[in-house]
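First comes the structure, then the notes that go with it.
The values are calculated or read from the model by the stated rules, or taken from the named source; none is laboratory data. None of these values were measured; they are calculated from a predicted model. So basically every Cβ, Gly included, is an ideal-geometry build from the backbone, and we count neighbours across all protein chains shown. What goes into the accessible areas is simple: the full protein's heavy atoms, side chains included, and nothing from ligands, DNA or RNA. Shrake-Rupley method; radii C 1.70, N 1.55, O 1.52, S 1.80 Å.
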Amino acid sequence: MKRIRILALLPLFALLGGCNLVVLDPAGTVASRQSDLLIESTGLMLLIIVPVIALTLFFAWHYRASNTKATYAPEWDHSTQLELVIWGAPLLIIICLGAMTWMGTHLLDPFRPIDAAATQRANGDANAPADANAHLEVDVVALDWKWLFIYPQYGVATLNQLAAPANRTIDFHITSSSVMNSFSIPALAGQIYAMPGMETTLYAVMNRTGTYDGFSANYSGAGFSGMHFPFESLASGDFDKWIAKAKADGGALSRSDYLQLEKPSENEPARSYASVETGLFNAILNECVEPGKMCLNEMAAIDERGGLGLAGINNVFPLEYDKEARRGAFGPDASYVASLCDPKHPMGMTAAAAGAAQASPAAPSLANGAPLRGAALPRPPFATFLGPPTPERPTSTSLPAPEPQTPAPPSRPSNT
């Protein structure tokens, strides 16, 4: 009967042959180093685990009650040699693991740039292509519930599909539109988190061509299970054809289009965009895609220079970082911190966006054109962080001079 049970389990072990050992056989440089670190760490720990298990089984068998030949020493309590082995061997293993982890953590830092050509030469390929160090930049946005990939060097974008040339460094710039998420391609470089209002960076290189799985590794709501995408590692010429196809088949991705795309949806089909509005990723990162809304980096620059004083209170609308709440939760109009403006030109906005912002009832400070002034503080030097002036965005000197403040008369003391 026992043999029959063992034979019945054999087909289950045969099923293991279909497992995809992507973690132990990755295709990317970073993932390969992570795999080596995992195998080496496991081997070091087995130097302790295997002897301990073996000795445990040996002691249980050798010192069983029926073995009268085993030495019985109830008064024994100490052995210096055994203490050295029991404590010394694990201590050495811990020191080795700590050194490996410390070095691996720094070598595999996602923010650490990668030299693709040097990597190929280290792998034995002396004929590294000339463009191996021509980094490919990819801006990644985790949406509800899909992935947006922007290629700023080519001016195209894709939804739920990603491609890159093999043996070329990829610079990922990753953020999220709402909740925290996790960008994961196990064959390339593991996973890295995506957070709203923050940018994380990942440098990676794919060593061979093929199609690999990408997905979200952090639960983010109802449509989380559909946040999968294929990652195609292509030869250089095939990648150029892929870009050309994206430009030929795709539409345009403007800020208004992005605001529609950002709305929660599940199981979106893969598609491409032939053009992307300039500065879109920066606006997504700084949570100011909507016209007339102040960007987080502008807000931080103002705070660094002393803030807007008491007058700035009038510029703060109810703000909620959940994108669904901040767009209508406080009424029919959007809620945001309005961007600074002069009577004619809101800072950093196009003329069309300025007109739309001034017509918005949710932004009275924009509608009446009154500039915001700090109390007892000089005006922030906006030109230093908003860039050079343009016709749509004049310098801060176009702001009217603050009106002189008349000091209030001293209060009369009370008779009481």
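Summary of computed values
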| quantity | calculated |
| --- | --- |
| Contour excess over end-to-end distance, with Cα ends at N297 and M100 and 0.36 nm allotted per residue | 67.1 nm |
| Dimensionless Rg over Rh [region 137-272; C-alpha; Kirkwood] | 0.93 |
| Distance between region 136-214 and region 289-309 - C-alpha centres, whole angstrom | 28 |
| Sparse-neighbour loop sites [trypsin sites (Lys or Arg not before Pro); region 136-212; at most 15 other C-beta within 10 Å; DSSP] | R208 |
| Solvent-accessible surface ranking, highest first, for E304, E287, E83 at 1.4 angstrom | E304, E83, E287 |
| Probe 1.4 Å, all protein chains present, accessible-area order of K245, K69, largest first | K69, K245 |
| Distance between modelled label sites at L82 and E137, nm, 7 Å Cα→Cβ extension | 6.6 |
| Segment L91-K241, length gained on full extension (0.36 nm per residue, minus Cα span) | 48.5 nm |
| Accessible area, probe 1.4 Å, largest first, for residues M198, M299 | M198, M299 |
